[in-house]
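Peer 1: One structure coming up, written as structure tokens, with questions to follow.
The values are calculated or read from the model by the stated rules, or taken from the named source; none is laboratory data. Just so it is clear, the structure is predicted and the values come from calculations on it, not from any experiment. Every residue, glycine as well, gets a Cβ built from its backbone with ideal geometry; the counts of neighbours run over all protein chains shown.
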Amino acid sequence: MTDTAMPAAWSETPALQPIVSTRRVRFLEDEQLDQLQEATLHVLETVGVRFPNQRSLEILADGGCHVDMATQIVKFPRDVVRRAMATVPRTYTLAARNPAFDLHLAEGTSYYTLDGCGVAAIDPDTGQERASRKSDLEAQARVADWLPGIGFVWPTISAQDYGRTSQLHEIDAVYNNSVKHFQAMVMGDEAARFAVEMATVVAGSAEELRRRPVLSNLVCSVAPLAQDHAGLDSALVMAEAGIPVGFLSMPTLGTTAPSTSAGAFVVGDAECISGIVLLQLAFPGAPTFHSIMKAYADPRTGTYVGYSLNSGTARYAPVEIAHHWGVPSLAACFGTDSPAPGTWLAASDVALDPLLGGLSGAELVTGLGLDRTYTLLTPEGIFLDYELYERARYSLMALDISDETLALDVIANVGPGGHYLAEQHTRTWMKTALRRGLEHDLVNNKYRDPIQVAREKAAWVRANHHPEPLEPAKAAELTRILEAARGVLG
């Protein structure tokens, strides 16, 4: 590895570098957003959503919804939906273990994260594929901590070596290996209570956790038009503690959703809004967010497909749908269908994603680092995806126009036919004028294989980046909670 490929001084976590853009791409017109929202209200009021959860049914009934206890289908009068949605906070802060890395959600600043819940990993030492482990997430959390464009951490892969307590061990892995905010995917009442206890330890107290939530949680609905029993349990437990909870719908065209984008958006939106209404009826003002990640069924085989030629609209129109409701959005990004990183497919699938994510105005965006349709972690994957992120960030960065950058005095001094190389202005600015990526790493004036460079960077971070450790007493308390959870959950 060359010195320029990985400066050894980069051992501390650099300041966050989110995508900040004043530019917008509109995927939907206001009239279309009104039509989609009206369609969602119609579905919620006349078709309903199944809530297989007794506590949720009671909350919704008390809140004015029409609840059929036998079928567990809830129908939402539009005035109930409107009143509930009016209490959703448009902006709030996702706190980090180190306050310097807090995420202040605001449209126009997009914080990216890793992909989530992969089940397989390429072992960095043997190069062989195996089931993912907690140690894989610990290493990946350090990588996420080190990369300034990663604003918060997802459980990139599952801690399959810890069975039913895996989601809690994923929290432990990240808190011990990153100072950034962690967004978990905890399901179930008991697991959620242990997760809240762990977050309370890290925050310092229940009051401090409510003031500065160092944990958020993502709950998936069950398409079409159903919620998940365990997901509802965890959502209510977390929201009661002040932890932000988002609802994610994943409609698949042709199988769990209509074969049209508009129809799929309505199904997905109805699932998300029904969950958000539940939280607002239970805990008005609870911080939440909205996410629709649409996919496709191959009409010949029924195979799940993540990408299509219209993936741009499919992935980023939901940001506008969320904002039309007045809710922060989590946008889908990356997660190629390619079976391996570094291929033409792996790059072309996701090439436009980070740019469109920034142009959409999404507050949160997932997720770098997995191949084979969100299932496989490789040592180099996140660094290859990160190159595309950096291209988007620089493309959307505001141009610095000032007396210094206009350089009129330098232009006058050099004059026609002159040369700028000897100017002090050149010596000052040339250092940052050329932005090289890992695909431009040179040895003997020849480009190296970017896949190999990415692997070397990953190895360097695993060996050298050691984030600010969790206080020993807090780390020990997390271990105690994990032992208690093992006794309860198995």
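Peer 1: Kindly indicate the residue of segment 187-196 that is without any contact (Cβ under 8 Å) to a residue 60 or more places away in the chain and in a helix (DSSP H, G or I) and also surrounded by the fewest Cβ atoms within 10 Å (Cβ to Cβ) among those meeting that condition.
Peer 2: Per the criteria, the residue is Asp189.
Peer 1: If only one of Ala282, Ala297 is small (Gly, Ala, Ser), touching a strand residue (DSSP E or B) at 6+ places or on another chain (Cβ under 7 Å) and surrounded by fewer than 24 Cβ atoms within 10 Å (Cβ to Cβ), which one is it?
Peer 2: Ala297
Peer 1: Could you list all residues from segment 320-347 that are touching a residue at least 60 places away in the same chain (Cβ under 8 Å) and either among the β-branched types (Val, Ile, Thr) or touching a Cys at 6+ places or on another chain (Cβ under 6 Å) (or both)?
Peer 2: Ile321, Val327
Peer 1: In the set Thr91, Thr113, which member is within 15 Å of Ala362 (Cβ to Cβ), surrounded by 18 or more Cβ atoms within 10 Å (Cβ to Cβ), β-branched (Val, Ile, Thr) and within 18 Å of the chain's Cα centre (by Cα)? Break it down into steps so the answer makes sense when it comes.
Peer 2: On the way: Thr91 fails: surrounded by 18 or more Cβ atoms within 10 Å (Cβ to Cβ).
The unique qualifying residue is Thr113.
Peer 1: Looking at segment 19-77, which of the residues that are of a type in the set (D, E, K, R) and in a strand (DSSP E or B) is surrounded by the fewest Cβ atoms within 10 Å (Cβ to Cβ)?
Peer 2: Among those residues, the one meeting the criterion is Asp68.
Peer 1: Further question: Which count do you get for residues in segment 72-117 that are at pLDDT below 95 and either at positive phi or of a type outside the set (Asp, Glu) (or both)?
Peer 2: Going through segment 72-117 one residue at a time, the tally reaches 4.
Peer 1: Give the residue that is surrounded by the fewest Cβ atoms within 10 Å (Cβ to Cβ), with candidates limited to residues of segment 345-372 that are among the charged types (D, E, K, R) and at negative phi.
Peer 2: Asp349
Peer 1: Residues that are of a type outside the set (S, T, N, Q) and within 15 Å of Val49 (Cβ to Cβ): list the helices (runs of 4 or more DSSP H) wholly contained in segment 216-333 that include at least 2 such residues. I'd like the intermediate steps shown before the answer.
Peer 2: Working: elements: 229-240, 261-282, 311-325.
Filter on segment 216-333 gives 229-240, 261-282.
Peer 1: If you don't mind, there's one more thing I want to ask. For Pro467, are the conditions met, namely being part of a loop (DSSP other than H, G, I, E, B) and buried (at least 17 other Cβ atoms within 10 Å of the Cβ)?
Peer 2: yes
Peer 1: Answer yes or no as to whether Phe383 is part of a loop (DSSP other than H, G, I, E, B), surrounded by 24 or more Cβ atoms within 10 Å (Cβ to Cβ) and among the aromatic types (Phe, Trp, Tyr).
Peer 2: no
Peer 1: Name the strands (runs of 3 or more DSSP E) wholly within segment 120-186 that hold at least 3 residues that are over 14 Å from the mean Cα position of the chain (by Cα)?
Peer 2: Hits in segment 120-186: 120-122, 129-131.
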